[in-house]
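Below you'll find the structure, written out as structure tokens, and then a few comments.
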Amino acid sequence: MLGNRVIGAEPAIALLSHLQSAVPEGKLKSFTDREIEIFRTVFLTRSISAAGLRLNLSQPSVSRILSEFERKFGCDLFIRKSRGVKPTREAKVFFQEVERRLEVMTSLQEAAVQIVNKERGALLVGANIGLSVSLVPRVLRDMGIAQKSISVKVHTRSSVKVIEYVRAGLIDVGLASSEHQPDGVTMLHDFVMPFFALIPRCHDLADDQSGLELSELAGANIVAPSNDVAEMLRVRRIGQKSSVSLMADTFPSAIATAEAIDAVSIVDGFMAHSVTQKRDFIARPILDMAGLRQLVIVPIASRQSMIAADFIDNLQQNIDHTLSWVAASRPSF
């Protein structure tokens, strides 16, 4: 055996390689979990009797199993003394390897639990104002986020800012509107969401739930959700007061304003679907108004966490569900 050989200052990796090459082929694979456990416990306690007490084994059993382990290993791992044992250099190197492998296995077990429970790490989402209100909460609800120990932060920003945040790797998933494909990001989904006229049920236009054209809104009070929509309505002279259209910065404020003054608000399909499920509105698709191009984007070459993957899966399901609702409301979609 190699027990009396002086290794000197050989690097740890070289020593471990030397030990492995000194063992007959297949021997390392014959180590049992019990042998590794006893080796590790003896190493930590520096005592065969103490190891026996910790493992609920007799001292002779520990000594016998340890001796068999050393025989398989190919050298003495402990120097027996009258009071306890002293690990050899070989034992110290192998102990480091055992701890490294144990740490990896522990991490793998924790990862398995996290994968099953979708509870790995934090989630950073960026969305424009409309989607942060109409879509993101539904996705988080469907993920069961309230029952999981996950840190979630939703950054509500303009679409331009959301794209910038994703490009810089500051958020995991971005939801934005853009007429052009942004560079510096990975695009997961790209679709067009049409606009709807969101009408209080007490309004005259609520009698018909079919699609309508903008000209049918010419005599209505309209609350526009953005400068672009307000300008388009003004140019086409849509609305009772087309020269001074009411304008709100966000879809939610447009809806609240419209509800307060019995007006019509113009919103995208996500908001229309969300609002009609909870409030006393009907949604009529606007047939001659170009929809919004919506994007789901992530940073380039990013390693996706399980929670981000779960969010994206649930996001796609919600998008598909809303698009199905849109198709039913607007057969030509």
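For the reader, a short list of remarks on this structure follows.
Quick grid of which residues meet (1) under 15 Å from the mean Cα position of the chain (by Cα); (2) basic (Lys, Arg); (3) modelled with pLDDT under 90:
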position: GLN147; (1), (2), (3): no, no, yes
position: ALA176; (1), (2), (3): no, no, no
position: LEU188; (1), (2), (3): yes, no, no
position: LEU217; (1), (2), (3): no, no, yes
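- Checking each residue of region 178-194 against the condition of being in a strand (DSSP E or B), within 23 Å of ASP320 (Cβ to Cβ) and in contact with an Asp or Glu (Cβ under 6 Å, 6 or more places away or on another chain) gives at least one match.
- Tally of residues being touching a strand residue (DSSP E or B) at 6+ places or on another chain (Cβ under 7 Å), more than 30 Å from LEU170 (Cα to Cα) and charged (D, E, K, R) across region 256-313: 4
- Residue in region 89-107 that is at pLDDT 85 or above, farther than 13 Å from GLU35 by Cβ, touching a Gly at 6+ places or on another chain (Cβ under 7 Å) and assigned by TED's automatic domain parsing to the domain that holds ARG40 present: no
- Selection count where residues are closer than 24 Å to THR322 by Cα and within 15 Å of the chain's Cα centre (by Cα), scope region 149-165: 4
- Being touching a residue at least 12 places away in the same chain (Cβ under 8 Å), in contact with a Pro (Cβ under 8 Å, 6 or more places away or on another chain) and among the polar types (S, T, N, Q) holds for only one residue in THR156, THR186, and it is THR186.
- Residue within region 265-275 that is at pLDDT below 80 and over 19 Å from VAL192 (Cα atoms) present: no
- Residue match in region 293-313 (condition: without any contact (Cβ under 8 Å) to a residue 24 or more places away in the chain, closer than 15 Å to LEU135 by Cα, more than 15 Å from the chain's Cα centre (by Cα) and surrounded by fewer than 21 Cβ atoms within 10 Å (Cβ to Cβ)): no
The values are calculated or read from the model by the stated rules, or taken from the named source; none is laboratory data. Since this is a predicted model, take the numbers as computed values, not measurements. Here Cβ is always computed from backbone atoms with ideal geometry, including for glycine, and neighbour counts include all displayed protein chains.
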